[in-house]
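Asks: One structure follows; several queries about it will come next.
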Amino acid sequence: MTDRRIPAELELDLRAAAAGLGEADVALRRNRFGYNDILTPAPHGWLHIARDTARDPMVWFLIAVAILFLAIGNRTEALILAIALAPLIGMDAFLHRRTQASTRGLATRLAARAVAIRDGKRLELPARDLVPGDLVELGTGDFVPADGVIVGAEGLQIDESSLTGEAAPVRKSPFAGNAAESLVAGRHWALAGTRLLAGRGCVRLVFTGPQTLYGGIARTAVAGGEQKTPLQSAILDLVGRLLIAALALCVLLAAIRLVQGYGWVDALLSALTLAIAALPEEFPVVFSVFLGVGVYRLARRQALVRRAVAVEAIGRTTCICTDKTGTMTEGRLALDRLLPAGGQTERSLLRWAARAARPESGDPVDRLLIGAAGLDEAIERLAVHPFTEQRRRETAIVRLPNGETWAIAKGAPETIFALCSDAPAQIERWTQLAEADAHLGHKVIACAARQLAAGEHKAVEPSGGYAIFGLVTFEDPLRDGVHSAIAECRAAGIRVVMVTGDHRATAGAIARAAGLGGALPSIAEADALGSHGTIDAAMLTGIDVVARATPAQKLELVRALQRDGHIVAVTGDGVNDVPALKSADIGIAMGGRGTQSAREVAAIVLLDDSFRTIVRAIAEGRQLFRNLQLAFAYLLMIHIPLVLTAAIVPLSGQPLLYLPIHIVWLELVIHPTAMLVFQELPGTERLEHRQTSAGARFFDRAAWAAIVFGGLALTAAVLGAYWFGARGTGDTDAARSLALGTLLAGSAGITAGLSRLETPASWLVPAISTAALGAALQVPDFAHALHLQSLSGAGWAILAVVAAVAYAAAAWTRRSMSFHGVPAGI
């Protein structure tokens, strides 16, 4: 972690007596700083959930439209909308309950109790009772209860992965200075939410409660509500505009029918019929259904969607900000290479290093060495000189089964080489080898040993005369499939930026192994990208890796990319990733090794922790968005002629074109077509290169032109069919039959043209609607009940021509549609 300054106003003396605070001091500090409540409990209860859910305007819109349909007697539409309310309300409730789960997940990394020294006594206290200045004792396995400076330590190693994301344990050492505005290096801090892996420590608390680093992350994780995506807002805006226009048109139609002398009943029937045709309830319903289908399809890709609107957003991702540890890599240390010296083999080097390791130390390096060596010999450990920050080595004096006594040292190469009597040229060569491996991001230890003579003291660590036995290197391995996934993202125009708290050398090595940025990735440290906590988006141009980034800087990096017009997906697995995951357009957490907190705030959780799954999810999201575009195009192309002809014919003084039963029939065709035909259109496993733009609209001008042209052309065809059918005799039923048949034939043609008949549903739905049309027109009893007449051969020929033209117009519309970024509007 980075260095931190101790504020003077805390009035802390790190060299204060070991007796700790007195009760009077504790009371004063608690009154000043409050309790050590790192997490603020989230509001709970179904009443709170219901109150927040009631703020969703989409829910109220569906309720209002359902009531309107119920009032005009259309129970079928009211029931459909009531059913559609269930998943929307359920999703809102789930999201609010999930906020509480997120708080519980964050709490799993916090100490419930702690041992503090007060008035010279060791007291076990609730962690929330601690105050700045308390002296706290910590042992192996303990969670740190608040942020403090280490004033005493013995072999102290801390797991900081929950805050930094780095897998390797961090060795800590005591701080020797005083407190007055001291700048304390990161190696002297123990932080809330981290855990001791080895050793013991004594910590003087500095920051408690929300002032801790963990508390800052937690506040970001649980604060604020979920924002609506631009597409949701665009749909609400479109529905609102269409609703206002439809209601105005209904009032106008009713007034004109009265003026024309048709009476109140006809005027009311005309207005209600037009209302049923014009109300745009299909758009939010289709959107909700497609999100549900997307959740299922992404789950089949091993991507669990926790926030359904992510289905809409992920396909338009333009930049992936990925964590290194646990995302690009496996998040664990693994034995990489053994470089034995002359006279040693890889196997013997491993055995010598394992003899210097202690199973009880808790050090992951020791566990790896012992596990890999598989020692089956009985050795007697005569003395152990443990690793400390000052010594940077561990030495074991052991007696082997053959009776020989050896001193075996392992640790930092420069420390081990200083003990060795090898030739200077050899030591220089080994130093260069160690530095080369360290530059590749590996953890490197050296191993050396010397045999003790019979008269040497077996409890004293020899200070020289060792021989170099070799180097042992460890790495956090790159995940399978990462290299190919990054190459596919680059080919598809998706930018990938690795953000890590690690050093430049380690980050660069992983980036090169993953193919990020090619052979020479561009690397920058977070502090160099801006000032005063703000990152300049212009400074990010061409950057592949951001190293030494804090959680706050990672969050600002995401925001800078968003300001630059990117749709940002953020991957991560630790508590340190929570703010960025929450702020991103799409937060993606690792499901296997990810913390519960990261999983709870993320929109998507990868069940297999595979970076490759992200690529498949983006490809699936793109196809789902494309399918939604096609469904909306169909709704617009069929509603334009439906509404216009339902209004124009009666406005011209003619009898109603569509009776309520006809509108219900048309809706029974339109609903399944929009919801079934387009949702399962097939996609591709690979990402295609598509231009994206955060300012783009759901439909561009070319697509809008094609949609409006197709809708107006079908409007003209329906009106022409009506007046053609009414010619001479003025038979309303004959005119209505040809007009209604023309609209349904156009619907079938549009469906075929937009779907390309690529799925069984795209064949079945138009076939059923055409068969129903044939039965309604040609079966006398049906035709009479529906106020229709059978068509002649010429009439059916007209319908066939209309279907063919509609197919061509829809195919042109599909070719005109391009894939865009987050829409600023429909």
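The values are calculated or read from the model by the stated rules, or taken from the named source; none is laboratory data. On a predicted model such as this, the values are computed, not experimentally measured, just so you know. Positions of Cβ are generated from backbone atoms using ideal geometry, with glycine treated the same way; all protein chains shown enter the neighbour counts. Just the protein is used for accessible areas: all its heavy atoms, side chains included, with ligands, DNA and RNA removed. Shrake-Rupley method; radii C 1.70, N 1.55, O 1.52, S 1.80 Å.
Asks: Tell me, please, whether a residue that is closer than 22 Å to Ala617 by Cα and in a loop (DSSP other than H, G, I, E, B) can be found in the range 568-580.
Replies: yes
Asks: Taking the range 441-455 as the search range and keeping residues that are touching a residue at least 40 places away in the same chain (Cβ under 8 Å) and of a type outside the set (A, V, I, L, M), which one is farthest from Leu419 (Cα to Cα)?
Replies: Ranking the candidates gives Gly441 first.
Asks: May I pose another question? Would you pick out the residues in the range 551-567 that are part of a helix (DSSP H, G or I) and among the hydrophobic types (A, V, I, L, M, F, W, C)?
Replies: Ala552, Leu555, Leu557, Val558, Ala560, Leu561 - these are the residues of the range 551-567 that are part of a helix (DSSP H, G or I) and among the hydrophobic types (A, V, I, L, M, F, W, C).
Asks: When both residues are 6+ apart or on different chains and their Cβ atoms are under 7 Å apart, which pairs have a first residue that lies in the range 536-565 and is touching a residue at least 60 places away in the same chain (Cβ under 8 Å) and of a type in the set (A, V, I, L, M, F, W, C), and a second that is surrounded by fewer than 23 Cβ atoms within 10 Å (Cβ to Cβ) and part of a helix (DSSP H, G or I)?
Replies: Qualifying pairs under 7 Å: Leu555/Ser583; Val558/Ser583; Leu561/Ala537; Leu561/Leu540.
Asks: Does any residue in the range 787-798 that is in contact (Cβ under 8 Å) with a residue 12 or more places away in the chain and part of a loop (DSSP other than H, G, I, E, B) come within less than 6 Å, Cβ to Cβ, of a residue that is open to solvent by 70 Å² or more (accessible area, probe 1.4 Å) and of a type outside the set (D, E, K, R) six or more places away or on a different chain, and which pairs are these?
Replies: Listed pairs, sorted by first residue: Ser790/Gln778.
Asks: I would also like to ask the following. Of all residues in the range 530-585, which are open to solvent by 10 Å² or more (accessible area, probe 1.4 Å), closer than 17 Å to Val496 by Cβ and hydroxyl-bearing (Ser, Thr, Tyr)?
Replies: Of everything in the range 530-585, just one residue is open to solvent by 10 Å² or more (accessible area, probe 1.4 Å), closer than 17 Å to Val496 by Cβ and hydroxyl-bearing (Ser, Thr, Tyr), namely Thr541.
Asks: State whether the residues of the range 312-332 include one that is in a helix (DSSP H, G or I), open to solvent by 40 Å² or more (accessible area, probe 1.4 Å) and either under 17 Å from Gln451 (Cα atoms) or touching a Phe, Trp or Tyr at 6+ places or on another chain (Cβ under 9 Å) (or both).
Replies: Scanning the range 312-332, I find no residue that is in a helix (DSSP H, G or I), open to solvent by 40 Å² or more (accessible area, probe 1.4 Å) and either under 17 Å from Gln451 (Cα atoms) or touching a Phe, Trp or Tyr at 6+ places or on another chain (Cβ under 9 Å) (or both), so the answer is no.
Asks: Next question. Check whether at least one residue in the range 463-475 is closer than 19 Å to Arg393 by Cβ and open to solvent by 50 Å² or more (accessible area, probe 1.4 Å), and report yes or no.
Replies: yes
Asks: Hey, another quick one. Would you say Leu668 is modelled with pLDDT under 80, part of a helix (DSSP H, G or I), under 19 Å from Ala739 (Cα atoms) and open to solvent by 40 Å² or more (accessible area, probe 1.4 Å)?
Replies: Answer is yes for this residue.
Asks: Of everything in the range 359-376 that's open to solvent by 50 Å² or more (accessible area, probe 1.4 Å) and either part of a loop (DSSP other than H, G, I, E, B) or among the aromatic types (Phe, Trp, Tyr) (or both), which residue is nearest to Asp476 (Cα to Cα)?
Replies: Restricting to residues being open to solvent by 50 Å² or more (accessible area, probe 1.4 Å) and either part of a loop (DSSP other than H, G, I, E, B) or among the aromatic types (Phe, Trp, Tyr) (or both), the top hit is Leu375.
Asks: Residue by residue through the range 519-529, note down the ones that are surrounded by 12 or more Cβ atoms within 10 Å (Cβ to Cβ) and outside any helix (DSSP H, G or I).
Replies: Hits for the range 519-529 are Pro521, Ser522, Ile523, Ala524, Glu525.
Asks: A further question follows. Quick one: which of Leu350, Leu339 is crowded, with 16+ Cβ neighbours inside 10 Å and assigned to a strand (DSSP E or B)?
Replies: Leu339
Asks: Further question on the same structure: Select from the range 142-170 the residues that are under 34 Å from the mean Cα position of the chain (by Cα) and at pLDDT 85 or above and list them in ascending order.
Replies: Within the range 142-170, Asp142, Phe143, Val144, Pro145, Ala146, Asp147, Gly148, Gln157, Ile158 qualify.
Asks: If you don't mind, there's one more thing I want to ask. What are the residues in the range 599-609 that are crowded, with 24+ Cβ neighbours inside 10 Å and at pLDDT 80 or above, if any?
Replies: Passing the criteria: Val601, Ala602, Ala603, Ile604, Leu606.
Asks: Could you run through the range 130-144 and say how many residues are under 10 Å from Thr208 (Cα atoms) and open to solvent by 10 Å² or more (accessible area, probe 1.4 Å)?
Replies: Number satisfying all stated conditions: 0.
Asks: Which residue, of Ala434, Ala396, Ala412, is within 15 Å of Arg351 (Cα to Cα) and crowded, with 16+ Cβ neighbours inside 10 Å?
Replies: Ala396 is the lone residue from the list that is within 15 Å of Arg351 (Cα to Cα) and crowded, with 16+ Cβ neighbours inside 10 Å.
Asks: Still on this structure, I have one more. Pick from the range 191-221 the residues that are touching a Lys or Arg at 6+ places or on another chain (Cβ under 9 Å) and at pLDDT below 75: which of them is most open to solvent (accessible area, probe 1.4 Å)?
Replies: Thr220
Asks: Something else about it: Name, by its number, the condition in (1) open to solvent by 30 Å² or more (accessible area, probe 1.4 Å); (2) in a loop (DSSP other than H, G, I, E, B) that does not hold for Ala425.
Replies: (2)
Asks: Now for a different question. For the range 476-508, give me each residue that is closer than 30 Å to Gln426 by Cα, open to solvent by 10 Å² or more (accessible area, probe 1.4 Å) and of a type in the set (A, V, I, L, M).
Replies: Ala505
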